[in-house]
1. Could you list which residues have their amide H under 5 Å from that of PHE84, counting only those 5 or more apart in sequence or on another chain, with H placed in the peptide plane?
2. Summing +1 for each Lys or Arg and -1 for each Asp or Glu, what net charge is found among the other residues whose Cβ lies under 14 Å from the Cβ of GLN91?
3. What whole-number volume per residue, in cubic angstrom, does the convex hull of the C-alpha atoms of the range 30-96 give?
4. Which ³J(HN,Hα) values in Hz, rounded to whole numbers, follow from the phi angles of the range 82-94 under the Karplus curve 6.51 cos²θ - 1.76 cosθ + 1.60, where θ = phi - 60° and Gly and Pro get x?
5. Give me SER56, SER50 ranked fewest to most by other Cβ atoms within 10 Å of their Cβ, as a rough exposure proxy.
Amino acid sequence: MVRMRIAIFLAVFAGLLAQQQKQKAAPPPAIEPKAEELARVKAKTEEIESILKTASTKDAALRTDVEVYAKAGPLLLEFPQTFFTQAGIDQAMMVLD
């Protein structure tokens with residue numbers, strides 16, 4: 001009797017688990033950035049690089065932070081598939097701004 005209850009419990013639990021797995025939403029499909037978006041990334045990257053060329057070197061920590069963003073732009077242009085979604089593109093633009 002106890003074994004039967006355990007077996008029923010496990011069957012119900014397995015069914016609920018399987019149903020939950022089916023209900024999980026698939027991730028949004030990856031998208032390719034538009035040419036205008038890539039052009040904006042390139043323009044922002046060039047702007048950051050020009051700022052670095054003319055900026056003073058007084059605050060080395062701040063300069064290092066900006067250099068990170070100067071490297072991020074070319075990486076996004078080289079590997080545009082890393083954007084994945086429109087939200088990723090929007091986030092990249094916000095960070096570069």
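1. It is ILE31, by chain and number.
2. Values: positive: ARG40, LYS44; negative: GLU37, ASP90, ASP97.
For residues surrounding GLN91, the net value is -1.
3. On the way: hull volume 4.7 nm³, N = 67.
Once divided by residue count, the hull of the range 30-96 is 70 Å³.
4. Working through the residues one at a time gives 6, 5, 6, 9, 4, 4, x, 5, 4, 5, 4, 5, 4 Hz.
5. On the way: SER56 7, SER50 11.
The most exposed by this proxy come first: SER56, SER50.
Since every read-out is calculated from the coordinates, none of them should be taken as a lab result. Since the structure is predicted, the reported quantities are computational estimates derived from the model, not experimental observations. No Cβ is skipped: glycine too gets one built from the backbone with ideal geometry, and neighbour counts run over all protein chains shown.
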